[in-house]
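Down below is the structure, laid out as structure tokens.
Please treat every number below as a calculation from the coordinates, not as lab data. Quick caveat, the model's predicted, so the values are computed rather than measured. Positions of Cβ are generated from backbone atoms using ideal geometry, with glycine treated the same way; all protein chains shown enter the neighbour counts.
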Amino acid sequence: MLHRNPIVTKAGVDSGAMNLFDTPAGFDDPIGMWLGCHRRIEKQLSTLSKLPGHLADKGVDADASNAAQAILRYFEKSAPHHHGDEDRDIFPLLEKRITDAGDLERFRALRRQLEAEHERMAAVWARLRKPLQAIAEGLPKTLDPAEVATFREIYASHIPAEDGSIPELARRYFTAADLESLGRSMADRRGVEFPV
Ligand SMILES: [Fe+2]
Ligand SMILES: [Fe+2]
């Protein structure tokens, strides 16, 4: 029988199963794909937020280890790609393309804030990684609820700030050629072929 991990399934974390409404955008829709990453980050954060309580109740059991493995897989591999998409591709290209002086000034301030938050996320993640690795291996370990809360709080304002500004700026200022080169760069970062 298929084992269901209650921490993961309650959080609705991507189990590998997919329905039609879940089909992610491809690299030919780089902004759609980038937005999809935010939804996956939110799912992983929801799982992470349940973990300290679960550990306090039940200790490091199979569910806790499975949840820690899923969180690690995401934040060690996919999240750095996502930040690379932003810091190296989307943000610099927007800064080059925005022609309206007011938009540019607002975007520059937002970019500074978002990049500073990326650094804060990386610093908190560096403290969460080790205990999560131990839990993933089934070793007895707790997870500091304050660190988990801080990690979630940074994302709780960061993601809406990005969702609420970047797609509209991209729609107004990116050309079709920009979107294609963005998609190619994002595919390249992940070592996959750009769709033809
Ligand atoms: Fe970001
Ligand atoms: Fe983001």
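General remarks:
- Sparse packing (at most 13 other Cβ atoms within 10 Å of the Cβ) combined with a DSSP loop state is found for the following GluC sites (Glu not before Pro) in region 140-196: 193.
- log₁₀ of I(q)/I(0) at q = 0.09, 0.10, 0.18 Å⁻¹ - the chain, Debye sum with one point per alpha carbon: -0.38, -0.47, -1.23
- Computed about its Cα centre, the charge dipole of region 41-189 is approximately 240 debye, with only Lys, Arg, Asp and Glu carrying charge at their Cβ.
- Selection from 161, 59, 75, by position along the positive dipole direction of region 41-189 (Cβ): 59
- Among 102, 26, 84, the largest mean-square fluctuation in a Gaussian network model of the chain (Cα springs under 10 Å) belongs to 102.
- Report summary: the helix-based calculation at 222 nm, which adds -39500 (n - 2.57) for every DSSP H run with n ≥ 4 and divides by the residues of the chain, gives -22500 deg cm²/dmol.
- GNM result for the chain, Cα springs below 10 Å: residue of 50, 58, 130 fluctuating most strongly: 58
- Considering only 47, 175, 150, the mean-square fluctuation computed in a Gaussian network model of the chain, springs between alpha carbons under 10 angstrom, is largest for 175.
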